[in-house]
Amino acid sequence: MTTNDPAQSPLPDSVDGMVTQTPTEHAETPIGPTTLAELKELAGRYPQSRSALLPMLHLVQSVQGRVTTEGIETCARILDLSEAEVSAVATFYTMYKRRPMGTHHVGVCTNTLCAVMGGDEIFERLCGHLDVGNDETTADGAITLERVECNAACDFAPVVMVNWEFFDQQTPESAIDLVERLRAGERVASPRGAQITSWREAERVLAGFEDGRVDEGPAAGEASLAGLRIAQERGWEAPPLEEDSGTGRGGETKQEAAAEADTQRAEAETVAEQSPADVEGGADDD
Amino acid sequence: MTDVLTPVLTANWADDRAWTLAAYEAHGGYQALDKALQLSPEELVELVKDSGLRGRGGAGFPTGMKWSFIPKDNPNPTYLVVNADESEPGTCKDIPLMMASPHTLVEGVIIASRAIEARQAFIYVRGEVLHVVRRLRAAVREAYEAGHVGTDIHGSGMDLDIVVHAGAGAYICGEETALLDSLEGRRGQPRLRPPFPAVAGLYASPTVINNVESIASVPAIVRGGVSWFGSMGTEKSKGHTIYSLSGHVKRPGQYEAPLGITLRELLDLSGGMRDGAELKFWTPGGSSTPILTAEHLDVPLDYEGVSAAGSMLGTKALQIFDQTTSVVRCVLRWTEFYKHESCGKCTPCREGTWWMVQILRRLDRGEGQPGDIETLLDLCDNILGRSFCALGDGATSPITSAIQYFRDEFEAGLTTPSAELFPPSASTLFAATALAGKGAAS
Ligand SMILES: Cc1cc2nc3c(=O)[nH]c(=O)nc-3n(C[C@H](O)[C@H](O)[C@H](O)COP(=O)(O)O)c2cc1C
Ligand code: SF4
Ligand code: FES
């Protein structure tokens, strides 16, 4: 029932076979030497190793299916932190799971725009169909269902995420069909992403290891192209960039801008009286 | 006059394999980098300053000026951090940009790093977008392989490393100082300012934090120049920008236009409201910006125009709701979001959002109590300006603005459930036919 292809298996000491187990009988894969080396590699990518903690926790999840006590201990040891410090971080972020996850994570966006466009109905129907509540895993261990916040795809609402890949403009029926195909281990591809592997394999990519699927899927979905298509139909363009083959029009910054700069500076000075962060921290922030 | 739509950032999104280095270079990609390498850091900062580019992450702070705050005499290294956390409800422009054309951002990162003399840059991308993370990592790898990143870039002597860093789910990490804490491997909680990031940011070193779209706008500015950029937009809100339309419109999506276009024009382009629908309310720039109504269709969508109308341009995330939608339901859901995402550091926001959710829940159920509306406004009053960061302020925007325009709907919440007044099924994408006869609900 898994779509895992051994060739895609993220790690020698990793998940194959594990995914068919139910969460309760889930035996944890220990953190082996390969994982240990990879955790250290992540720590080495940053000027200060602690910065690697979030990626390291993603890697722990990819190997162990959740953030385990062993994972916390290992990260703490590598980064020379206390376990309490690591644990405090792990509990702050919603993507880190302390309970064993299903093979696939299915996230239904129920933030306002998606909720109104049908996300609430989709979530309820999936709960009923899968016989689970929010943040629960199906009895067969195939799917963990979760309500998620705005996933930056509102123009494709209502949105469902599978292992953090987009499934756009869903209906209750299409969502049920989707989870059924996932459960049956059928090949499922995101219309704006890659073929679905598993939540664990997704976590490995998030941790910082490429999986060779970057060229799958399109550059953009239709909604992303809505304005561009209209512009193309009507022959609308931005003014030409006027490449100035090294004639010093980079120096345009000096002359041509002078006039504009007056207005700009007047405004700038007003703003500069506050510090940048005052302005950003103000109510007009997003 | 410029054209109604001016694709610059979005221009190559329909290209075959647009995310690859080859496709990007075929479109003139990395030419701006060559030009930027011939300019001094000071000249680059001046160029971006003079262009009038303002931050696209919500606050609209002039980008070049932010760069100019980096001290020259600080012994610590300087860092560039790109805010790719895009989590403000309604906002959906940076994610498609990085999915379709990650090299636009990478080229912007290199140029911006030169301007502020950073040798290390980070792209902090929210974790919940797997394919975008793939595309970013591959783009950075390709850029290294091509010599656009790494040591002695194009023989210029410039060195730069770029790390793509995936977050782990927390809206507050979009707030720039919380983002820095998160990037240091901590809980994402906002920092006390001063010191400001320009002086003591990442690792207590000088740091510039910019939104994806701000940084991605830089290569074209370098190529086109100040007057090119300024030929689009309005006097104080210069240039092109991406507007994101979502909700009850015929063609939701990304529309790149000069700053100052109106919602009326955008709706016209997107085929108007869905069949049988009338515009009821909308957000100009995400859920933290006060809602507007049909009376604001002709407001120029630039920083000044929207703020004169009592809201904020924010992230230009236009969430459009028609007459089938309950404003109380929407405000409740947004408030639940802020409560969920409140980092808990300060009392007004932590406690206030909790109380607001309790009250809104009973209003939504039709079980409101006399005085609930006043209590809500009081709570907002106590949060606005008194919380540690702008999340708290933002949480009050939907409530105060919705009560301003739709007070009667909140009053109805004393007796009638919102779902009775506005059956949710009529609002869904898959119920377009349910509209007939629903207009009476409002
Ligand atoms: C709660 C909160 C969330 C934010 N989320 C984002 C975000 O996801 N992306 C972003 O660019 N800016 C976000 N911001 C604004 C940033 O703090 C900061 O102003 C911005 O990244 C600066 O970039 P810019 O000057 O290029 O706009 C957020 C602010 C707050 C208060
Ligand atoms: S306003 Fe809210 S999110 Fe911001 S610091 Fe206070 S509790 Fe945290
Ligand atoms: S509200 Fe669902 S993606 Fe934005």
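The values are calculated or read from the model by the stated rules, or taken from the named source; none is laboratory data. Keep in mind that what you see is a predicted model, and the values were worked out from it rather than measured. FYI the Cβ positions are ideal-geometry reconstructions off the backbone, even for glycines, and counts take in every protein chain you see. Protein only, heavy atoms only, side chains kept; ligands, DNA and RNA dropped before computing areas. Shrake-Rupley method; radii C 1.70, N 1.55, O 1.52, S 1.80 Å.
So what's the gap between the Cα centers of the stretch B:231-290 and the stretch B:71-132, to the nearest angstrom?
25 Å
Assuming R0 = 60 Å, can you tell me the calculated FRET efficiency for the pair B:Q404 and A:T34, based on Cβ-Cβ distance, to the nearest 0.05?
Using R0 = 60 Å, I get an efficiency of 0.55.
Per residue, how big is the convex hull around the C-alpha atoms of chain B? Give it to me in cubic angstrom, could you?
132 Å³
Set the Förster radius R0 to 35 Å, insert the Cβ-Cβ distance between B:R119 and A:T69 as r into 1/(1 + (r/R0)^6), and round the FRET efficiency to 0.05.
In this case the efficiency is close to 0.35.
Tell me, what % of the accessible area of the protein assembly as shown is carbon and sulfur with a 1.4 angstrom probe?
49 percent
At the nearest 100 Å², what buried accessible area, both sides summed, do you get for B and A when the probe is 1.4 Å?
Adding both sides of the contact gives about 9900 Å².
Label 7 Å along Cα→Cβ of A:T91; the stretch B:338-366 residues with amide nitrogen under 15 Å?
Hits in the stretch B:338-366 for A:T91 at 15 Å: B:344-345.
Taking H placed 1.01 Å from N in the peptide plane, check which residues at least 5 places from B:V249 or on another chain put their amide H under 5 Å from its amide H.
Distant-sequence amide H within range of B:V249: B:R274.
Tell me the relative contact order for chain B as a rounded percent, counting alpha carbon contacts under 8 Å between residues six or more apart.
Relative contact order here is 15 percent.
Which loop-located GluC sites (Glu not before Pro) does the stretch B:274-374 contain, where loop means any DSSP state but H, G, I, E or B and the Cβ has at most 16 other Cβ atoms within 10 Å?
Within the stretch B:274-374, the qualifying GluC sites (Glu not before Pro) (loop, at most 16 other Cβ atoms within 10 Å) are B:E278, B:E367.
Scan around B:I123 for amide H atoms under 5 Å from its own, H built in the peptide plane at 1.01 Å from N, and keep only partners 5 or more places away or cross-chain.
B:V82, B:V163, B:V164, B:H165
With all distinct Cα pairs included, what does the Kirkwood hydrodynamic radius of the stretch B:240-322 come out to in Å, to one decimal, could you say?
With all distinct Cα pairs of the stretch B:240-322 included, I get 12.2 Å.
Roughly speaking, what is the stretch gain from B:A308 to B:S425, that is 0.36 nm per residue apart minus the C-alpha to C-alpha distance, in nm to one decimal?
38.6 nm
Tell me the Kirkwood radius of the stretch A:104-198: reciprocal of the mean inverse pair distance over distinct alpha-carbon atoms, in Å.
12.8 Å
How far apart, in nanometres, would the label points at B:T293 and B:D381 be if each is projected 7 angstrom from Cα along the Cα-to-Cβ direction?
Inter-label distance under the simple model: 2.3 nm.
Under 5 Å between amide H atoms, partner at least 5 residues away or on a different chain: which partners does B:G233 have, H built in plane at 1.01 Å?
B:G239, B:L259
Pop out the ³J(HN,Hα) list for the stretch B:271-282 in order, Karplus 6.51 cos²θ - 1.76 cosθ + 1.60 with θ = phi - 60°, rounded to Hz; leave Gly and Pro as x.
Running phi through 6.51 cos²θ - 1.76 cosθ + 1.60 with θ = phi - 60° gives x, x, 5, 4, 4, x, 9, 10, 5, 9, 8, 7 Hz.
Show log10 I(q)/I(0) for the protein assembly as shown at q = 0.07, 0.08 Å⁻¹, two decimals, from a solvent-free Debye sum over equal Cα scatterers.
Log10 of I(q)/I(0), two decimals: -0.44, -0.59.
Report the label-to-label distance for B:M1 and B:R362 in nanometres (one decimal), using points 7 Å from each Cα along the Cα→Cβ vector.
Taking the simple label geometry, B:M1 and B:R362 are separated by 5.6 nm.
Threshold 10 Å², probe 1.4 Å: give the residues of the stretch B:251-292, in number order, that are less accessible with all protein chains present than with their chain alone.
The answer is B:R251, B:P252, B:G253, B:Q254, B:Y255, B:L269, B:S288.
Just to be sure I understand the interface: list residues from the stretch B:54-85 that lose 10 Å² or more of accessible area between the chain on its own and the complete protein assembly, 1.4 Å probe.
Residues passing the criterion (a loss of at least 10 Å², heavy atoms only) are B:R54, B:G57, B:G58, B:A59, B:F61, B:P62, B:M65, B:K66, B:F69, B:Y79.
Residue by residue, what Karplus-based ³J(HN,Hα) values in Hz, rounded to whole numbers, does the stretch B:408-420 have, using 6.51, -1.76 and 1.60 with θ = phi - 60° and x for Gly and Pro?
Per-residue couplings from phi come out as 4, 6, 5, 5, 4, x, 6, 10, 10, x, 4, 5, 7 Hz.
Per residue, how much accessible surface does chain B expose to a 1.4 Å probe? Answer in Å², no decimals.
Counting only protein heavy atoms, the per-residue value for chain B is 30 Å².
If you stretched the chain out fully between B:K250 and B:N74, how much longer would it get, using 0.36 nm times the residue separation minus the C-alpha to C-alpha distance?
58.1 nm
Could you run the Debye sum over the Cα atoms of the stretch B:327-426, one equal point scatterer each and no solvent, and tell me log10 of I(q)/I(0) at q = 0.13, 0.21, 0.23, 0.24 Å⁻¹, two decimals?
-0.40, -0.97, -1.13, -1.21
Compute the FRET efficiency between A:R234 and B:T262 as 1/(1 + (r/R0)^6), taking r as their Cβ-Cβ distance and R0 = 25 Å, and round to the nearest 0.05.
Working from the Cβ atoms, E equals 0.90.
For the stretch B:53-59, what does the Karplus curve 6.51 cos²θ - 1.76 cosθ + 1.60, with θ = phi - 60°, yield as ³J(HN,Hα) per residue in whole Hz, taken in order and with x for Gly and Pro?
In residue order, the calculated couplings are 4, 10, x, 9, x, x, 8 Hz.
Averaging the inverse of every distinct alpha carbon separation and then flipping it gives the Kirkwood radius. What is it for the stretch B:32-183, in angstrom units?
Kirkwood hydrodynamic radius for the stretch B:32-183: 16.0 Å.
Roughly what would the spin-label model give for A:D131 and A:D80, points 7 Å off Cα along C-beta, in nm?
5.3 nm
State the Cα centre-to-centre distance between the stretch B:346-399 and the stretch B:182-214 in whole Å.
Cα centroid of the stretch B:346-399 versus Cα centroid of the stretch B:182-214: 28 Å apart.
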